[in-house]
Amino acid sequence: MQIQENIALAPLTTLNVGGPARFFAEAHSERDVQQALAYAVARHLPLFVLGGGSNLVIADHGWPGLVLKIALRGIEFEGDTQKMLFHAAAGEDWDSLVALAVNKSCAGIECLSGIPGTVGGTPIQNVGAYGQEVSQTITRVRALEIASGNIIELSNADCGFAYRTSRLNTSMRDRYIVLEVDYLLHRGGAPMLEYGDLQKFFAEQGSSAPPTLPQVRDAVCAIRRSKAMLIVPGEEDCRSAGSFFKNPLVSAAEAGRIQELAEKRVPEKPLPRYPGEDGKVKLAAAWLVEQSGFTKGFARGPVGISRKHALAIVNRGGATAKDIFAFSEEIQHRVFDLWGVSLHTEPVFVGFTAT
Ligand SMILES: Cc1cc2nc3c(=O)[nH]c(=O)nc-3n(C[C@H](O)[C@H](O)[C@H](O)COP(=O)(O)OP(=O)(O)OC[C@H]3O[C@@H](n4cnc5c(N)ncnc54)[C@H](O)[C@@H]3O)c2cc1C
């Protein structure tokens with residue numbers, strides 16, 4: 001395994017901002033991962049584990065230690081006529097795994113079509129979209145424990161999945177390098193069609209036959225493309241980290257207070273609200289952002305809001321991480337001042353302490 005020096009990180013991310021990695025290595029095997037870890041430990045270098053770079057804001061001065069890009073490949077599957085267990089290496093492209101599963105008539109991750117990034121990135125924030133989350137299918141995460149160098153296995157319960165979070169990005173953050181993830185899918189299962197946008201898509205098609213798995217995958221990709229949530233090379237609105245803010249979970253009383261405010265201020269724009277975890281109400285962050293003046297296409301110098309999606313902060317060309325950070329803070333402050341709601345960021349900020 002080769003250790004490289006001063007490697008630009010911005011091109012390895014979808015947002016395309018940030019400085020270089022002081023040291024950089026690409027792991028194609030578990031042995032590479034172990035060697036890279038030993039290299040970092042021996043030199044007291046801080047380690048950052050890079051997947052597909054689709055959920056990152058890298059600081060302008062870059063990363064002072066070792067960036068380890070996970071490039072482990074391989075997918076195996078086993079099962080019977082009803083269930084199929086997919087073992088996927090962490091460096092596999094996530095959407096290719098979804099395509100393979102759909103081709104094999106396996107249901108469970110079809111609504112997660114078109115999400116960029118790697119398999120190893122999916123358990124970290126419990127990737128989800130259109131009514132599905134990986135927590136519904138992950139049965140095991142195989143990982144290297146950074147402190148001990150041991151390979152361990154985490155069950156679904158060990159991961160502590162919840163909305164856009166897991167223990168891997170909270171209490172056990174930076175403790176493991178994910179090597180392989182297992183997903184248990186339903187062979188011959190029906191696609192999930194719970195999400196309003198998807199139901200509307202098929203209603204507009206006017207077909208009475210229930211959609212198939214490939215049709216749902218195609219529909220999800222088409223909807224995502226219309227919102228620039230599917231990476232299309234060269235398209236400016238895709239130069240983002242996806243949704244920049246999580247949908248806030250608030251108490252029913254709090255939701256009632258915000259709804260009253262919304263009815264007074266923007267009666268023509270009803271506040272979207274959905275049932276959340278633990279009896280809470282999930283509000284639409286996109287609505288709050290737009291109703292605070294940051295409408296689609298809003299620009300602040302080289303950064304702005306995507307023209308197709310109010311939740312995506314876009315690098316319009318030449319933006320720095322500092323620009324992105326300042327703009328996201330401006331949005332958070334305005335939303336809080338106007339609606340009394342704290343928006344929490346979704347992407348991972350890397351190397352920001354000294355910015
Ligand atoms: C256009 C667009 C649309 C998106 N849509 C969605 C969506 O619908 N739903 C959704 O949930 N997300 C979405 N995202 C966010 C992103 O795609 C996911 O979070 C994805 O799973 C990140 O994976 P990655 O491999 O790119 O991780 P990276 O961005 O490289 O890293 C993200 C975090 O995961 C850690 N990590 C990555 N790989 C490993 C590993 N092997 N071991 C340990 N830690 C690791 C990193 O250290 C970092 O903390 C979108 C992003 C974009 C750009």
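How much length is gained if the chain between Asp278 and Glu5 is pulled fully straight, taking 0.36 nm per residue apart and subtracting their Cα-Cα distance, in nm to one decimal?
Values: separation 273, 0.36 × 273 = 98.28 nm, distance 4.70 nm.
Value of the extension gain: 93.6 nm.
Taking a ≥ b ≥ c as the square roots of the Cα gyration tensor eigenvalues, with a/c under 1.5 meaning rounded and otherwise prolate when a/b beats b/c, else oblate, which class fits region 1-64? Please list the in-between numbers first.
On the way: a/c = 2.22, a/b = 1.55, b/c = 1.43.
It is prolate, given that a/c is not under 1.5 and a/b is the larger ratio.
Need one number for region 105-161: average projected area of the convex hull over its C-alpha atoms, nm².
Quarter of the Cα hull surface area: 4.6 nm².
Can you tell me the alpha carbon radius of gyration of region 275-332 divided by the globular rule-of-thumb value 2.2 N^0.38 Å?
For region 275-332, the normalised Cα radius of gyration is 1.27.
Leaving out ligands, DNA and RNA, and with a 1.4 Å probe, what % of the accessible surface on the chain is carbon or sulfur? Walk me through the intermediate numbers first.
Values: 8040 of 16020 Å².
Taking all protein chains in place, the chain shows 50 percent carbon and sulfur surface.
Quick one: putting +1 on the C-beta of Lys and Arg, -1 on the C-beta of Asp and Glu, what dipole do you get for the chain around its Cα centre, in Debye to the nearest 20?
With Lys and Arg at +1 and Asp and Glu at -1, about 600 debye.
Testing the spin-label approximation: label points 7 Å from Cα along Cα→Cβ at Ala38 and Arg73. State their distance in nm.
Distance between the two pseudo-spin positions: 2.5 nm.
Non-local amide H neighbours of Val67 (under 5 Å, H modeled in plane, Pro and chain starts lacking H): which ones?
Phe23, Phe24, Ala25, Phe48
Read phi for every residue in region 58-64 and hand back ³J(HN,Hα) as whole Hz from Karplus 6.51 cos²θ - 1.76 cosθ + 1.60, θ = phi - 60°, with x for Gly and Pro.
8, 4, 5, 8, x, 10, x
Accessible area of Met84, 1.4 Å probe, to the nearest 10 Å²?
10 Å²
List the residues, sorted by chain then number, that are 5 or more residues from His61 or on another chain and whose placed amide H is less than 5 Å from its amide H.
Answer set, sorted by chain and number: Gly19.
Set the Förster distance to 41 Å, then compute FRET efficiency between Gln199 and Glu268 from the Cβ-Cβ distance, nearest 0.05.
Numbers: r = 24 Å, r/R0 = 0.58.
Calculated transfer efficiency: 0.95.
Going out from 0 in 10 Å bins, what whole percent of all Cα-Cα distances in region 7-151 drops into each bin?
Computed distribution, short to long bins: 11, 38, 33, 16, 3, 0.
Rg/Rh for the chain: what does it come to with C-alpha atoms and Rh from Kirkwood?
On the way: Rg = 20.7 Å, Rh = 21.4 Å.
With Rh from the inverse mean 1/r over Cα pairs, Rg/Rh is 0.97.
Expressed as a whole number of Å, what is the distance separating the alpha-carbon centroids of region 25-89 and region 173-191?
15 Å
Take the residue pairs Lys200/Lys308; Lys69/Lys296; Lys227/Lys282; Lys200/Lys280; Lys69/Lys280; Lys104/Lys282 and return only those whose Cα atoms are more than 28 Å apart.
Details: Lys200/Lys308 18 Å; Lys69/Lys296 33 Å; Lys227/Lys282 21 Å; Lys200/Lys280 26 Å; Lys69/Lys280 37 Å; Lys104/Lys282 34 Å.
Correct reply: Lys69/Lys296; Lys69/Lys280; Lys104/Lys282.
Considering all projection directions equally, how large on average is the shadow of the alpha-carbon convex hull of region 93-214, in square nanometres?
7.7 nm²
Please report Rg (one decimal) and Dmax (integer) in Å for the Cα set of region 216-344.
15.4, 44
In a Gaussian network model over the chain where Cα atoms closer than 10 Å are linked, find which of Asp182, Asp158, Asp323 has the largest mean-square fluctuation.
Highest fluctuation of the listed residues: Asp158.
In whole Hz and in residue order, list the ³J(HN,Hα) couplings for region 330-335 that follow from phi through the Karplus curve 6.51 cos²θ - 1.76 cosθ + 1.60, θ = phi - 60°; x for Gly and Pro.
Rounded to whole hertz, the list is 4, 5, 4, 5, 5, 4.
Roughly how many Å² is the accessible area per residue of the chain, as a whole number, for a 1.4 Å probe?
I get 45 Å² per residue for this part.
Can you tell me the equivalent ellipsoid semi-axes for region 253-299? Use √(5λ) from the Cα gyration tensor, largest first, whole Å.
Each semi-axis is √(5λ); the values are 21, 14, 7 Å.
The values are calculated or read from the model by the stated rules, or taken from the named source; none is laboratory data. In this text the structure is predicted, and so the values were computed from the model without any measurement. Note that we place each Cβ from the backbone using ideal geometry, even for glycine, and neighbour counts take in every protein chain shown. Protein only, heavy atoms only, side chains kept; ligands, DNA and RNA dropped before computing areas. Shrake-Rupley method; radii C 1.70, N 1.55, O 1.52, S 1.80 Å.
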